[in-house]
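Read the structure below first, then the notes.
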Amino acid sequence: MTSVNRIRNFAIPFLFGVGFLACWEGAVKFFHLKPYFLAAPSKILGQFFNNASRIWDAASVSGMNALVGLVAGTVFGVIMSFILSRFRFLNSLITPLAIALNAVPIFVLVAVLNNMYSITSEIPRRIMVSLVVYFIVLVNVAKGLTQVKTTHLEIMRSYAASDVEILRKVRVPNAVPYLFTALKISAPAAVITSFVSEYFGGSQNGLGSRITSNIANSKNAAAWAYVLGACLLGLAFYIVSVVLENVASRGAGATNTTNK
Amino acid sequence: MSAVHVAGVSKIFNQGTPKQVDALVDVNLTVEPGEFVSLIGPSGCGKSTLLRLIANLLEPTTGEVTVNSKTAAQSRLDQDYGMAFQQAGLFDWRSVAKNIELPLELKGWDKEKRAARAQEMLELVKLPEFADLMPWQLSGGMQQRIAIARALAAHPPLLLMDEPFGALDEMTREYMQGELLRICAETKTTVVFVTHSIPEAVYLSNRVVVMSPRPGRITDVINVNLGETRSEDTRAAENFFSGITSVREALRGTHADHANAGAIRGVEDR
């Protein structure tokens, strides 16, 4: 890619974003929109910098919940996918459950979990995040471990390879890209689940609960400032997952994913 | 001592169910050391099944398969053969050299010995400077040459190939046939080669085993006499064409109008 192309790829979305914000600002000024209806971007940005330390604190709480849940869900998902790929009959039991749970907004379960722990506990939220992540990782990694090319299996059998050797040298490397795909999907999902699970009671210390409480108090611009914080947090998680994937695939030397 | 001995072998899939398939019925075949034998026939004739029985990737329903005077199972455990398929089947996450080293890794060779052998094999298939590339950086023909290098890395006496050049274009295919003959002559490897190309079978083989489907069985064995060394001139030689004609007639069986073709099987084949 030439540098001109790279500038163009970056500049066009950037100019579009600036133009969009300018229109927004202009519309608020021109139509004299009331702040409780729609806050102007300049006001939101002002609120964002005024409340920067509070937004940072709230983001750390939600971010920590998302991170703990992401790590725990990934670890359990990977462990379970190994067990499932070893014992196929379990697969037929668990996979429909995983699909069913993925089809409903399971974060409402946090309301039930909240009743099981003390009101100030972060544990229900973290459990919720890890559940969402767990199923994404489980389904993807199990696919990577089981959907191995027949030719590869026949070659390994012709070398008299044991099941353990086939697992180590074929199934696990085959599942690595699936794991990173799962992480790329579940990183933003973890952040969203972390916010949403704050809507169901518990401590009012995260970004999700701050957004709702500011809206309840008609502090519209402040609510938007927290939304901006939430966007940045979600973006940070996504970028980290993409960087991790690039580092891992460079390590494996497999920069080409199109010939799979 | 024969390299491969198949005696009275049948293979029936899904026996006793409505989906029963008689893949092979009463197959007898002996391959001598150093021989190049092709299995040819229409799809469903059981040629790939026969190859997998020799490789012990499948167990025969009845009969016996012996490889290097051992049971097929023992030969597989001893890695007495190498195998190559239509898809090169290289591992995307391993470099070219690491792909070739895989069978040696499984045999427990140490690192330096593996690297030396991989380089030796790369020189054999004339790709010595490709060791550190990844498989997807290679063309289809190159990938297939690496697959052959991998199959031969442990210097097995027997090479089993299942339509290895089936996915290659005609030019590459003819080049690969020449390379395979050179490699097998250099390494004195016995080859059992599945194909559905008549010229390919004739060009490569000492003997062409003709098979027919429903149920899969051997209907004819054609001896090919193209001499010890074959070259591009062989493809224009008189006895190359007469070999092709013999195999074609054997494949056509009773459908052929030729006087003597098909006399072998009589009326039972529609």
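At-a-glance table
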| quantity | calculated |
| --- | --- |
| Long pairs among B:Lys11/B:Lys188; B:Lys107/B:Lys188; A:Lys143/B:Lys70; B:Lys47/B:Lys98, criterion Cα-Cα beyond 28 Å | B:Lys11/B:Lys188; A:Lys143/B:Lys70; B:Lys47/B:Lys98 |
| Most mobile of B:Ala149, B:Ala97, B:Ala237 in a GNM of chain B (Cα contacts under 10 Å) | B:Ala237 |
| Projected-area mean, region B:48-138, by convex hull of Cα positions, square nanometres | 7.1 |
| Sequence ranges B:84-95, B:116-127, A:49-60, B:52-63, ranked by mean other-Cβ count within 10 angstrom, highest first | B:84-95, B:52-63, B:116-127, A:49-60 |
| Test item: A:152-165 mean partner chain Cβ contacts at 10 Å | 6 |
| Most to least packed among B:38-49, A:234-245 [average Cβ atoms within 10 Å] | B:38-49, A:234-245 |
| Quotient of C-alpha Rg and 2.2 N^0.38 Å, computed over chain B | 1.03 |
| Mean Cα-pair separation over length for region B:1-100, i.e. relative contact order, pairs under 8 Å, 6 or more apart, % | 29 |
| GNM flexibility winner over chain A from A:Phe180, A:Phe14, A:Phe87 (Cα, springs under 10 Å) | A:Phe14 |
| Choice from A:Pro124, A:Pro177, A:Pro35 with maximal GNM fluctuation in chain A (Cα, 10 Å cutoff) | A:Pro35 |
| Debye log10 I(q)/I(0) for region B:1-103, one point scatterer per Cα, at q = 0.20, 0.22 Å⁻¹ | -1.08, -1.20 |
| Cα-based convex hull volume of the protein assembly as shown per residue, rounded to whole Å³ | 235 |
| Average Cα contact separation per residue, chain A, under 8 Å, 6 or more apart, as relative contact order % | 27 |
| Value of Rg to Rh for region A:41-252 (Rh from inverse mean 1/r over Cα pairs, i.e. Kirkwood) | 1.09 |
| Likely footprinting exposure, A:Met64, B:Met161, A:Met116, fewest C-beta neighbours within 10 Å first | A:Met116, A:Met64, B:Met161 |
| Order of A:Val164, A:Val68 under a 10 Å beta carbon neighbour criterion, fewest first | A:Val164, A:Val68 |
| Other protein chain Cβ atoms within 10 Å, averaged over every residue that makes up B:81-92 | 5 |
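No value in this document is a laboratory result; all are computed from the given coordinates. Quick caveat: nothing in here was measured; it's all calculated off a predicted structure. Please note: Cβ atoms are built from the backbone with ideal geometry, for glycine as well, and neighbour counts cover all protein chains shown.
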